[in-house]
């Protein structure tokens, strides 16, 4: 394991090497990175920050996020990475619990999160989105806070070229590197505490398992506010002395950016979630040879269980190896690895543990025999310190150094681990882990809701589709679109359920507890309702789009597009395309899917196919 002090010192030996390729191909060298890291140490000191202090970091600027994160680790600060899509109430519940000393956040979040008057440095995204350059300039000219360059990033770095850095000479491995808040109720947020030892020992494991060196070029455009985005993207590249490739945002209607990017950027490793692989399977026509380059080694599927059929299919279509990793936010990213080495690779399993111990136990706490099911326990240097300021929650999952995963597993005679179920209620949808209680807590704030339950149904694209089941109060008519509007205003996009069902009563057992499996059967029956086809092509498209995007029919017109309709994200885009294929009994090609970004474009494609 290399420490952050060693990594920064090593990186100074190759200042001209490229650390990251970002928006529009912008290349950031290690020299650029370390110059910024040095200057940030001065900024941290001027903000009166000291080793052990916590800062909140939230920005859409990938470069700023990587620079500030690495600089904070070198200074000994604890980073609380927070998704810019998070809502103010959730942010303030985190702030109340964690007591951060400073905030590095995008300019628009200051008002959105009600952060006026705090110790804040505002991040200007002009480098990330050049199309907003004039907007940024005008906002700087009219907003007094932007004129304070010492409180705006990266403007605050100007003039510090000759100012010596102010690092502490040593960072203890027990120092907390970051806290990542998992999905949970607003009243009881869970902050996963990861130390320098946890993080950097695990990066060493990833480097060795994947066989990476300083020639690695990692294409990872996953969400940087989830552990697989930040830790298996910029931080893994930095640890290896390689290059992080992230020149575009993930957009499943533009898979060509990924396909073409493999060759264009000489990518060696691609990190994906199973949902993205499902898109690859559906839209690959003409791109089957995208991975046949001199540089590419293999893809890694992360964040959710990889269904065996999809695994075989993608491997066959593109003639590539897809490695698989099992882990939790509480274990940095991984623990058990399927591939790339032959002795750990077996499709349908999550492979074998690396640099950690495992055991599988029954309800009585006894280890089970091979072939028998039980809860998977994990132990190693990468296992979290605990949940911040929450000993009760920590003590439930960390016992004698063993992390109780909440996942049900089975080990075969060859030592391969297969995940076969789950004890906990967490839903894994589209690569995002969502705690249903967070959504239920929000729904119960609505006057018209008497009871609710959020469940996950198995889905070939999303892994699990989130369904909100609502029992209204007596004599109350529920308007689902009003509820969806409320959820979008109070939740990050990935936490909004894909479907909602109003039911008269919940199935219950003798104890009165809701029977989840029975509820799922009821929902599946409703979910299987036939799809209606309207008279005209445009009318049919609009009707289905409104149903999927959870908006009024009148909110969608021929001119509506992915930019103008709330709810028209990548996952719902695929849902709409799939629905329209069923309705019109047609098949869209890869090139069709890439141009179908407006209602008019969708109508034009369908009309051509119907001729």
Label-point separation in nm, residue 362 to residue 607, each point 7 Å along Cα→Cβ: 6.7
First measure r as the distance between the Cβ atoms of residue 408 and residue 151, then evaluate 1/(1 + (r/R0)^6) with R0 = 60 Å and state the FRET efficiency to the nearest 0.05. 0.75
With the contact rule set at Cα under 8 Å and sequence spacing of 6 or more, what percent relative contact order holds for the stretch 40-102? 44
Give, in nm to one decimal, the length gained when the segment between residue 473 and residue 48 is fully stretched (0.36 nm per residue of separation minus the Cα-Cα distance). 147.7 nm
Normalised by the number of residues in the chain, what is the relative contact order in percent for Cα pairs under 8 Å and 6+ residues apart? 10
Rounded to the nearest 500, the 222 nm mean residue ellipticity computed for the chain from DSSP H runs (n ≥ 4, each -39500 (n - 2.57)) alone is -10000 deg cm²/dmol
Residue span residue 458 to residue 249: 0.36 nm per residue of separation minus Cα-Cα distance leaves a gain in nm of 72.5 nm
For percent of Cα pairs over 40 Å apart, calculated from these coordinates, the label among [x] 41; [y] 28; [z] 50: [y]
Once you sort the root eigenvalues of the Cα gyration tensor of the stretch 369-456 as a ≥ b ≥ c, which label holds: rounded (a/c under 1.5), prolate (a/b larger than b/c) or oblate (the other case)? oblate
Normalising by the residue count of the stretch 537-610, find the relative contact order in percent from Cα pairs under 8 Å and 6+ residues apart. 37
Extension gain from residue 581 to residue 489, taking 0.36 nm per residue of separation minus the Cα-Cα distance: 30.0 nm
Ranked from highest to lowest mean number of other Cβ atoms within 10 Å per residue, what is the order of the peptides 195-203, 263-271? 195-203, 263-271
Using only the Cα atoms of the stretch 1-92, build the gyration tensor, take square roots of its eigenvalues as a ≥ b ≥ c, and label the shape rounded, prolate or oblate: rounded if a/c is under 1.5, else prolate if a/b is larger than b/c, else oblate. oblate
The simple spin-label model distance between residue 27 and residue 285, using points 7 Å out along Cα→Cβ, in nm, is 3.7
Between residue 445 and residue 89, what is the spin-label point distance in nm, taking each point 7 Å from the Cα along the Cα→C-beta axis? 0.1
Shape of the stretch 418-537 from its Cα gyration tensor (a ≥ b ≥ c, root eigenvalues): rounded if a/c is under 1.5, otherwise prolate when a/b > b/c, or oblate? rounded
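Read the figures in this text as sums done on the coordinates, not as results from a lab. These figures come from a predicted structure and were not determined experimentally. Ideal geometry is used to build each Cβ from the backbone, glycine not excepted, and the neighbour counts take in all protein chains shown.
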